[in-house]
Amino acid sequence: MNALEVKDLAVRLGGTEVLRGVTFSLPRASCLAIIGPNGAGKTVLLRALIGALPHTGTIAWAADTVLGYVPQKLDIERDLPLNGRDFLRARAALAGSSSAQQLEALNSVGLAEEALSTPIGNMSGGQFQRLLIAFALLGRPNVLLLDEPAAGIDAPGQAQLNEVLHALQDRRAMTVLLVSHDLSVVYSQADHVLCLGRHGMCFGPPRTALTAERLYEVYGQPLGFHVHDHS
Amino acid sequence: MSTIIHELAPELGSLALSGLMAVAAGLIGSFAVMRRMVLAADPMSHIALPGIGIALILRVNPLWGALALLLLGAVLIWAVERRIRIATEAVIGVTFAVALAVGSIITSGEELIDALLGAPGTLTLPEVAFGIAGSLIVIVFVLRARNALVVRLVSPEIALTSAVDVARLDLYFLLAFALTIGLGLRFLGVLLMGSLIIIPAAMARRFARSLSAMLTLSVVTAVLSTAAGTYVAWLVGRPSGPFIVMVAGGLFFLSLLRRREA
């Protein structure tokens, strides 16, 4: 049984067709990287997969699926009077997790306990991102969806984050779907890649699906191995 | 003894009611401020006006007319916001500017002043009962739903994957917000009740570094403003509404003198 099966998925936003004909299936405990240029619909795909957007086509999660979602950007003010503890406690209360599990989630993303009493406005981008991952983990998900988790994090932080994701997959047999612009992450972490481009999509293991020609088609320009996006 | 209790009962009821109303305003205001609804409270309160006008025409207590329209308005905002997905503030602003126009046409001058600034006088038993029950509903809602409200505040998508019914939560929040405005109508009037919801929470936000600090500071400021404003109004024999808001506003401006800790 696959973790996820998507068939002929299409999403329209404000009269514009953002996604069309997206079809793929994902085995359990696998890691899918979603790549594509800006505006290709990567975030829209994740939001459709968690049920936040109306769509046509089929999205079938395995019956025992518990989702954890880490969004790309948060539309909140950073000077909110909320600290790490408020964040995690709220999620833990909804998920029925204990305070020990809150600490465990914090440790598993490499955040010190001080983060609990730190207001979110005082956290760096990387710390906040890790807090969001800890937040998602509190729901004991078996599927984790991350939208550019490394955005705004420095190089050592990114390496640590990749290790965290690896460890989560290994220890908890978690299915991971992550949007990434970094092809080195795609090759090192993912066993499947889904590329969304203006001229169609591709799906498969990175080594076979991501040919130079395919990348050219997806991004509309020739690409080196390592792609960074600073937008 | 029983005579004294009988004489004091309305005063005590009124005191308990204003205290509970202030607690409800402080709590709902905290989340309203964090949800960027600061400017929404005043226009939203204007929806009560046509309700007051209609109630006077039908010869029923204006409070019930105001409350009915406030709750109806909350449902309307919720439905419009879901359908066209624009900011709550924009929907509230447009809807209630129209309500104010309608209200001013069907309400007479004196009634309008009472509705805007609060009418003095002894509260009736149904008004006290409604006020206490309504305040308790708002207080219990915010305290029970605070975790879902925090997650919703962080991200509606995360709330969705946390088994929170975001649409229902938003509706309940708007209804609680409208109910809180309804609670203060007799004391402060539609013009000033929005201020008691927003000012204490806005001040608390400047200093609070955690959710519990925010809620506590906001509630304490709202209760303090209500108590001090009511006392001053009693001393000078004037309606309490403007004094309550003046005390809250004074505390807010005083708080600006103190810098927020980094």
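The values are calculated or read from the model by the stated rules, or taken from the named source; none is laboratory data. Every value quoted in this text rests on a predicted model; they were computed, and no experiment measured them. So basically every Cβ, Gly included, is an ideal-geometry build from the backbone, and we count neighbours across all protein chains shown.
Touching a residue at least 12 places away in the same chain (Cβ under 8 Å), of a type in the set (Asp, Glu) and more than 20 Å from B:Leu123 (Cβ to Cβ): which single residue out of B:Asp170, B:Asp165 fits that description? Lay out the reasoning, then the answer.
Details: B:Asp165 fails: touching a residue at least 12 places away in the same chain (Cβ under 8 Å).
Exactly one of B:Asp170, B:Asp165 is touching a residue at least 12 places away in the same chain (Cβ under 8 Å), of a type in the set (Asp, Glu) and more than 20 Å from B:Leu123 (Cβ to Cβ), namely B:Asp170.
Is it fair to say B:Leu254 is of a type in the set (A, V, I, L, M) and under 18 Å from the mean Cα position of the chain (by Cα)? Answer is no for this residue. The helices (runs of 4 or more DSSP H) located wholly in segment A:38-122 that include 2 or more residues which are more than 30 Å from B:Ala201 (Cβ to Cβ) and either out of contact with any strand residue (DSSP E or B) (no Cβ under 8 Å at 6 or more places or on another chain) or within 8 Å of chain B (Cβ to nearest Cβ) (or both) occupy A:99-108.
Take B:Arg186 and tell me if it is of a type in the set (Lys, Arg) and more than 14 Å from chain A (Cβ to nearest Cβ).
Working: of a type in the set (Lys, Arg): yes; more than 14 Å from chain A (Cβ to nearest Cβ): yes.
For B:Arg186, the condition - of a type in the set (Lys, Arg) and more than 14 Å from chain A (Cβ to nearest Cβ) - is met.
Can we say A:Gly84 is buried (at least 22 other Cβ atoms within 10 Å of the Cβ), within 18 Å of A:Arg47 (Cα to Cα) and in contact (Cβ under 8 Å) with a residue 24 or more places away in the chain?
Numbers: buried (at least 22 other Cβ atoms within 10 Å of the Cβ): yes; within 18 Å of A:Arg47 (Cα to Cα): no; in contact (Cβ under 8 Å) with a residue 24 or more places away in the chain: yes.
No: the conditions fail for A:Gly84.
Applying the criterion of being assigned to a loop (DSSP other than H, G, I, E, B) and under 26 Å from A:Leu74 (Cα atoms) to the residues of segment A:1-37, the residue that is nearest to the chain's Cα centre (by Cα) is A:Gly36. If the condition is being crowded, with 20+ Cβ neighbours inside 10 Å, free of Cβ contacts under 8 Å to residues at least 40 places away in the same chain and not aliphatic (A, V, I, L, M), then segment A:87-105 contributes A:Arg89, A:Gln102.
Could you go through segment B:197-209 and let me know if any residue there is out of contact with any Lys or Arg (no Cβ under 8 Å at 6 or more places or on another chain), more than 9 Å from every other protein chain (Cβ to nearest Cβ), free of Cβ contacts under 8 Å to residues at least 12 places away in the same chain and at negative phi.
The first filter runs over segment B:197-209 and keeps only residues out of contact with any Lys or Arg (no Cβ under 8 Å at 6 or more places or on another chain), leaving B:197-205, B:208-209.
With the extra rule that they be more than 9 Å from every other protein chain (Cβ to nearest Cβ), the set shrinks to B:197-203.
Among the residues that remain, those that are also free of Cβ contacts under 8 Å to residues at least 12 places away in the same chain are: none.
Within segment B:197-209, none of the residues are out of contact with any Lys or Arg (no Cβ under 8 Å at 6 or more places or on another chain), more than 9 Å from every other protein chain (Cβ to nearest Cβ), free of Cβ contacts under 8 Å to residues at least 12 places away in the same chain and at negative phi.
Based on this model, can you work out whether A:Pro71 counts as at pLDDT below 90 and under 25 Å from A:Val185 (Cβ atoms)? Spelling it out, A:Pro71 is indeed at pLDDT below 90 and under 25 Å from A:Val185 (Cβ atoms). Between A:Asp191, A:Asp229, the distinction of being of a type in the set (D, E, K, R), within 26 Å of A:Arg20 (Cβ to Cβ) and modelled with pLDDT of 80 or more belongs to A:Asp191 only.
Residues in segment B:131-155 that are within 7 Å of chain A (Cβ to nearest Cβ) and either within 18 Å of B:Ile181 (Cβ to Cβ) or free of Cβ contacts under 8 Å to residues at least 60 places away in the same chain (or both): B:Asn147, B:Ala148, B:Val151, B:Val154, B:Ser155.
Number of residues in segment A:198-226 that are over 26 Å from A:Gln129 (Cβ atoms) and at pLDDT 80 or above: the value is 7.
Could we say that B:Leu8 is in a helix (DSSP H, G or I), under 22 Å from B:Phe130 (Cα atoms) and at pLDDT 70 or above here? Explain how you work it out, then say what you get.
Details: in a helix (DSSP H, G or I): yes; under 22 Å from B:Phe130 (Cα atoms): yes; at pLDDT 70 or above: no.
So B:Leu8 fails the test.
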